[in-house]
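Enquirer: Encoded as structure tokens, here's the structure I'll be asking about.
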Amino acid sequence: MAPALARPVRLARSVMLPSERIRMSPEDGQPAGSRPDGWVPPPQYFAPPLPPPPPPPAAATVLLPVVEAPTPHRAAASGRLRTVLVAAAVVSALVAVGLAVASGGDERPDPLFVALPPVPTLPVLPGEVPATASPTRRTTAPPTTQVRDEVPTGGATTVRPAPVTSVPPAVVLPVAGQDLGLEPVGRPGRRLRHRNFLARVDAVGPASPALDRADSRFTVRAGRAGGDCLSFESVNYPGYFLRARDAVLRLDRADGGPGYDAEATFCAVPTVSGGFVLRSRAAPDRYVTESDAVLSLTRVAAAQAVAFVVRPPL
């Protein structure tokens, strides 16, 4: 606030300055301005006015640096613009679909197509490989997948590979007139033989004694009770055949009776193990089985009978 100006102060002076001359009235010879009683008022003196107050100091000016906003990258700006365009297209499509669904009706609305701006393509000069090109990866169909040359137009179909089924090994059956040895399936080094005129399964090999090897050789004959089956004659005992007597497999001399011929005739039945089992012609529900190396005729299923494979004679 500006200070109040001081009021002028009247000072009475009794001494007049030389410059202050009393002007006399020409009529009465009295100084001008004097009263009739002769009193002369003192001259008025006013103090000189005070100088104006100094102006308030100006506020200090602080210069601050102006930071300009970074200019957005052209690629970022174009990316944002593309994102905005795509979002707008998607929103437009959704709105159109929503309107179509809301309008509802039995009639199926026509499909809506949204045209997107084409993407510019750059030509690739010969011998020039783009920096972002990735190596071509070639895929090969697995060996179990069947490849179709033509794609059906009615819809996608799934082609499944055919299941792999195991093929049982070929079974070699004995043939009439053949000399052979009979080996149990899965037990190499063992042969069917006769010992003390009983049929057994023993360990017999090329290094075995000559008698053991001779006991394991048989000649296949046509079935004595029927040509559709077989009979087994001993090589070292001609005229003796394998025979199921009293349910035990023995080596007996042929007597020509009907009972003997039926008990000395067996039918070879193939199995999935790659061998064959021997079924009695006299008792079709009985098969040759093994118990403690001794062979006998038992009423069992074919899978529970002992299976043999044909081997060369020792």
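Enquirer: Give me the extension gain from ALA222 to ALA89: residue separation times 0.36 nm, minus the current Cα-Cα distance, reported in nm with one decimal.
Expert: 38.8 nm
Enquirer: Sticking with this one: Simple spin-label model, 7 Å along Cα-to-Cβ: ALA176 to VAL248 in nm?
Expert: Rounded to a tenth, the inter-label distance reads 3.1 nm.
Enquirer: Which shape class, rounded, prolate or oblate, goes with segment 183-311 when its Cα gyration tensor gives a ≥ b ≥ c as root eigenvalues, a/c under 1.5 marks rounded, and past that a/b bigger than b/c marks prolate?
Expert: oblate
Enquirer: Once you place label points 7 Å from the Cα toward the Cβ at ALA293 and ALA210, how far apart are they in nm?
Expert: For ALA293 paired with ALA210, the spin-label model returns 2.3 nm.
Enquirer: Nothing charged except the Cβ atoms of Lys and Arg (+1) and of Asp and Glu (-1): what's the magnitude of the dipole of segment 183-311 about its Cα centre? Round to the nearest 20 debye.
Expert: That gives a dipole near 200 debye.
Enquirer: For segment 244-271 and segment 170-238, what is the separation of their C-alpha centers, rounded to whole Å?
Expert: Using only Cα atoms to place each centre, the spacing works out to 14 Å.
Just so you know, all these numbers are worked out from the coordinates, no wet-lab data involved. Note that this is a predicted model, so its numbers are computed, not measured. Using ideal geometry, Cβ is built from the backbone for each residue, glycine included, and neighbour counts are taken over all protein chains shown.
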